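Student: Before I ask anything, let me first share the structure, which is written out below as structure tokens.
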Amino acid sequence: MSAEGMPGSGFGRRQLSLVERLARTIAAGGPMTLAQYMAQVNAHYYATRDPLGTAGDFTTAPEISQMFGELIGLALADVWMRSGRSQQACYVELGPGRGTLAADALRAMEKVELHPPVHLVETSPVLRGRQQALLPHARFHDDIDSLPADRPLLVVGNEFFDALPIQQSIRTAEGWREMMVGLGEDRPFAPMAGERPVDARVPQPLRDAPEGSIHESAPAGAAIMMGLARRLLRQGGIALFIDYGYEGPALGDTLQAVRGHRFADPFADAGDNDLTAHVDFTLIGNAARQEGLKVCGPVGQGEFLARLGIDARAQMLARSAPDKVEEIEAARRRLVDADQMGTLFKVIAVVHPDWALPEGFGPEGFGPEGEAA
């Protein structure tokens, strides 16, 4: 018998799509948690495409203007200089997209004679290819565990936490239940309340919320933040995170899907849509505090960039490229204006207790006597 005719050989068979694989899993074992669904969908999505730019599904701040990455790089370099100028500090980026932010940040760091080795935490082979072309000397990591352990870290993550899996709890007549994903009727999948009680997962002040209320938590994000915080505490350094989100605890369903720069159904076309959820900055900050780090912020992205000098930088770029004045100003407004990215997107910093506090947060970013809030 030929290989093609052997049962289970796989030769000549059509490869199942992600939707088909998920449907078979649910049909065989029952609904899966929303976190499991989100993890599998995003793993497939990012592994199979470059989602950025006008031809992709969304655009991030580094792709809008070089000013964003330059100011992030200078903010990190400033903390490094005021903390003893350790020559062995590493630049680390989590989820570095096309590598644009890193390239802009490193170029700005060079102006203050900081030339850190580059370490990128990225699992997508497609995006790794784009990053390698732009940053040929970068070293790649699947997770934070393999990052250098013998030197301070200058870490940045832009729109990193929003793509990590979340848990949702929904208030039912019987109490709080885990949000599950089962087979749908008019679409492949549908959210539904599970049977297992999860009341203890919901903060006490929110437990008496009306039926149908949803509470979100992000254990995957908290675990990564705690692991990174332990490294920063041992090695020294700072981490800056920029994302869209809120200060919890809070109620609400923030799960969303984007495709072709438009919102889409999170439970349709699994694997072809980018799934994200708003980040609870209180959770991220508390995870870092628990490990002994100082926390600054969150503050709005617009305020942060304004305090770092984006207006002056825009003027400098306009003088050097007078034919692009309108383009530069449009990019600046998109990054800082309240009705654009300036308010929804927020910035938080976590810092080794002996390192200098970063610029960009202003007096409200800190507690009494200069301690981080």
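Student: Filter the range 262-298 down to residues that are of a type in the set (G, A, S) and in a strand (DSSP E or B) and give me whichever is farthest from V347 (Cα to Cα).
Tutor: The qualifying residue farthest from V347 (Cα to Cα) is A264.
Student: Sticking with this structure for a sec: Assess whether L76 counts as being crowded, with 21+ Cβ neighbours inside 10 Å, in contact with a helix residue (DSSP H, G or I) (Cβ under 9 Å, 6 or more places away or on another chain), closer than 22 Å to W355 by Cβ and of a type outside the set (D, E).
Tutor: yes
Student: Being surrounded by fewer than 21 Cβ atoms within 10 Å (Cβ to Cβ), in contact with a Lys or Arg (Cβ under 8 Å, 6 or more places away or on another chain) and farther than 28 Å from G252 by Cα is true for just one of E359, E327. Which residue is that?
Tutor: E359
Student: Taking the range 299-313, which residues are part of a helix (DSSP H, G or I) and either under 18 Å from A338 (Cα atoms) or basic (K, R) (or both)?
Tutor: Q301, G302, E303, F304, L305, A306, R307, L308, I310, D311, R313
Residue-wise test of (1) under 20 Å from G271 (Cβ atoms); (2) surrounded by fewer than 16 Cβ atoms within 10 Å (Cβ to Cβ); (3) polar (S, T, N, Q).
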{"site": "E159", "(1), (2), (3)": "yes, no, no"}
{"site": "D162", "(1), (2), (3)": "yes, no, no"}
{"site": "R171", "(1), (2), (3)": "no, no, no"}
{"site": "P203", "(1), (2), (3)": "no, yes, no"}
{"site": "P219", "(1), (2), (3)": "no, yes, no"}
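Student: Now a separate question. Got a number for residues in the range 103-141 being touching a residue at least 40 places away in the same chain (Cβ under 8 Å) and either among the aromatic types (F, W, Y) or under 16 Å from V156 (Cα atoms) (or both)?
Tutor: Qualifying residue count, the range 103-141: 2.
Here is a yes/no grid of residues against (1) in the same structural domain as G95 (by TED's automatic domain parsing); (2) touching a residue at least 60 places away in the same chain (Cβ under 8 Å); (3) under 13 Å from A163 (Cβ atoms):
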position: Y244; (1), (2), (3): yes, yes, yes
position: L255; (1), (2), (3): yes, yes, yes
position: F263; (1), (2), (3): yes, no, no
position: A270; (1), (2), (3): yes, yes, no
position: T276; (1), (2), (3): yes, yes, yes
position: L283; (1), (2), (3): yes, yes, no
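Student: Next question. In the range 221-252, how many residues are buried (at least 20 other Cβ atoms within 10 Å of the Cβ) and of a type in the set (A, V, I, L, M)?
Tutor: Count: 9.
Student: With the condition kept exactly as written, say whether any residue in the range 261-268 is among the aliphatic types (A, V, I, L, M), in contact with an Asp or Glu (Cβ under 7 Å, 6 or more places away or on another chain) and modelled with pLDDT of 95 or more.
Tutor: no
Student: OK, next. State whether the residues of the range 94-105 include one that is farther than 18 Å from L127 by Cα and charged (D, E, K, R).
Tutor: There is no residue in the range 94-105 that is farther than 18 Å from L127 by Cα and charged (D, E, K, R).
Student: What is the residue count in the range 150-180 for residues that are touching a residue at least 24 places away in the same chain (Cβ under 8 Å) and part of a loop (DSSP other than H, G, I, E, B)?
Tutor: Number of matching residues: 9.
Student: Another question, if that's okay. Inspect the range 309-329 for any residue being more than 16 Å from I72 (Cα to Cα), touching a Pro at 6+ places or on another chain (Cβ under 7 Å) and assigned by TED's automatic domain parsing to the domain that holds G69 and give the result as yes or no.
Tutor: So far as the range 309-329 goes, no, none of its residues is more than 16 Å from I72 (Cα to Cα), touching a Pro at 6+ places or on another chain (Cβ under 7 Å) and assigned by TED's automatic domain parsing to the domain that holds G69.
Student: Another question about this same structure. Only residues that are of a type outside the set (A, V, I, L, M) and in contact with a Ser or Thr (Cβ under 9 Å, 6 or more places away or on another chain): list them for the range 273-294, please.
Tutor: Selection gives T276, H278, D280.
Student: Taking only pairs six or more apart or across chains, which ones have beta-carbon atoms under 9 Å, a first residue in the range 27-40 that is surrounded by 12 or more Cβ atoms within 10 Å (Cβ to Cβ), and a second residue that is of a type in the set (K, R)?
Tutor: Here the result reads Q40/R21, each pair linking the range 27-40 to a residue that is of a type in the set (K, R).
Student: Looking at (1) over 30 Å from I72 (Cβ atoms); (2) outside the structural domain of R21 (by TED's automatic domain parsing), find the lone condition where A149 falls short.
Tutor: That leaves (1) as the condition not met.
Student: Being over 30 Å from P203 (Cβ atoms) and surrounded by fewer than 24 Cβ atoms within 10 Å (Cβ to Cβ) is the requirement here; does V92 meet it?
Tutor: no
The values are calculated or read from the model by the stated rules, or taken from the named source; none is laboratory data. Owing to the predicted nature of the structure, the values given are computational and were not obtained by experimental measurement. Positions of Cβ are generated from backbone atoms using ideal geometry, with glycine treated the same way; all protein chains shown enter the neighbour counts.
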